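Student: This is the structure I want to talk about, given as structure tokens.
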Amino acid sequence: MANGSLLGKSAKFGIGATPNYLKGIRSIEWDPGDFNMVLTDIIDEDPPIFIVADRQNSTITIVVEVDKTDTNGQVALGTAFSGKTSTLFTLAREGTTAGNIKITGSLFVKSIGKESYDKKSVMTKTIVMQVSGAYTEGVFP
Amino acid sequence: MAEEEKDSFVTMVNPDGVEEEVWSNLPGHVDRLLTLGWSYPVPKIEVNKIQMKSLTITTDKE
């Protein structure tokens, strides 16, 4: 492991303007999405060329240990899913100490995940969220 | 929820009887919690002590 390698153990994911960081997170997957490439279609321009348009399809996928006491975190995500409501989010890839990268924006909950009940293990589920519009990169103060 | 909005919270009682601050401006959240067995706290009434100098009880039966 290189000196500057990031460790995932401090990563956090929160929702709301003042982030309520979710409890019981096992893993977070952040996909920044891709740029939509548009082919120009201008008369007399030959051949058409690709130009870069808006960024799209940024997604966040988290696996959580189901915790029904996480009222303003996991339970609130369930509410946002049921109500088709967008909510603000904060993704802390490295943690939340000063200077750590902070990704913020707004998202919809696309899938709240299947639940399965295994008598020998903790209940987990996978929540998939779609970032709505552009996100912002900054740092924690 | 719009970007410029701030979170607001309301005190509710969870199904175990413990008070918690609940995110109130996430649409539908409080209503959903009510269906999950949450409730609003019962207002606490503080009773002041009454100093009683004398008390006379009379009955109409001898």
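Only the coordinates and a few stated rules stand behind these numbers; no lab work does. What you see is a predicted model; the values in this text were computed from it and never measured. Please note: Cβ atoms are built from the backbone with ideal geometry, for glycine as well, and neighbour counts cover all protein chains shown.
Student: Collect residues whose amide H, placed 1.01 Å from N in the peptide plane, falls under 5 Å from the amide H of A:THR124; neighbours closer than 5 in sequence don't count.
Tutor: Placed amide hydrogens put A:VAL66, A:SER116 under 5 Å from A:THR124.
Student: Now for a different question. Could you list which residues have their amide H under 5 Å from that of A:LYS110, counting only those 5 or more apart in sequence or on another chain, with H placed in the peptide plane?
Tutor: Under 5 Å from the amide H of A:LYS110 lie the amide H atoms of A:VAL128, A:MET129, A:GLN130, each far enough along the sequence or on another chain.
Student: Oh, and also: Run the reach check for A:LYS125 against lysines, Cα to Cα strictly under 25 Å, same-chain hits fewer than 8 apart removed. What comes back?
Tutor: By straight Cα distance, A:LYS125 reaches A:LYS9, A:LYS12, A:LYS23, A:LYS68, A:LYS84, A:LYS102, A:LYS110, A:LYS114.
Student: What list of ³J(HN,Hα) couplings, whole Hz, do you get for the range A:67-73 from phi and the Karplus terms 6.51, -1.76, 1.60, once you set θ to phi - 60° and write x for glycine and proline?
Tutor: Coupling constants for the range A:67-73: 9, 6, 8, 7, 4, 8, x Hz.
Student: Find the relative contact order for the range A:1-114 and round it to a whole percent, using C-alpha pairs within less than 8 Å whose residues are 6+ positions apart. Working shown, then result.
Tutor: Working: 184 pairs, mean separation 34.2, N = 114.
Computed over the range A:1-114, the figure is 30 percent.
Student: Nearest 20 debye, what's the magnitude of the dipole of the range A:8-139 about its Cα centre given +1 on Lys and Arg Cβ and -1 on Asp and Glu Cβ? Could the numbers behind the result be given before it?
Tutor: Details: 14 positive and 15 negative charges, 232 e Å.
Computed charge dipole of the range A:8-139: roughly 1120 debye.
Student: For the protein assembly as shown, compute Rh as the Kirkwood radius over C-alpha pairs and then the Stokes-Einstein diffusion coefficient at 25 °C and 0.890 mPa s; write the answer in µm²/s, rounded to an integer. Let's see the in-between values first.
Tutor: Working: Rh = 20.6 Å.
Answer, rounded: 119 µm²/s.
Student: In the range A:1-65, what trypsin sites (Lys or Arg not before Pro) fall in a loop by DSSP, with at most 15 other Cβ atoms inside 10 Å? Before the final figure, lay out the partial values.
Tutor: Working: sites: A:LYS9, A:LYS12, A:LYS23, A:ARG26, A:ARG55; in loops: A:LYS23.
The qualifying sites are A:LYS23.
Student: Among B:PRO15, B:THR58, A:SER132, whose Cα sits farthest toward the positive end of the charge dipole of the protein assembly as shown (+1 at Cβ of Lys/Arg, -1 at Cβ of Asp/Glu, about the Cα centre)?
Tutor: With unit charges placed on the Cβ atoms, the residue in question is B:THR58.
Student: State the answer as a single residue: which of A:VAL64, A:ILE101, A:ILE42 lies farthest towards the positive end of the charge dipole of the range A:8-139, with beta carbon charges of +1 for Lys and Arg and -1 for Asp and Glu, about the Cα centre.
Tutor: A:VAL64
Student: Where the only charges are on Cβ atoms (+1 Lys, Arg; -1 Asp, Glu), what is the dipole of the range B:6-62 about its Cα centre, to the nearest 20 debye?
Tutor: 240 debye
Student: Taking only the alpha-carbon positions of the range B:1-42 and ignoring solvent, what does the Debye formula give for the base-10 log of I(q)/I(0) at q = 0.18, 0.21, 0.26 Å⁻¹?
Tutor: -0.49, -0.63, -0.86
Student: What residues qualify as long-range amide H neighbours of A:ASN100, i.e. H under 5 Å apart, gap of 5 or more or another chain, H built at 1.01 Å from N?
Tutor: When sequence neighbours closer than 5 places are left aside, the close amide H contacts are A:PHE140.
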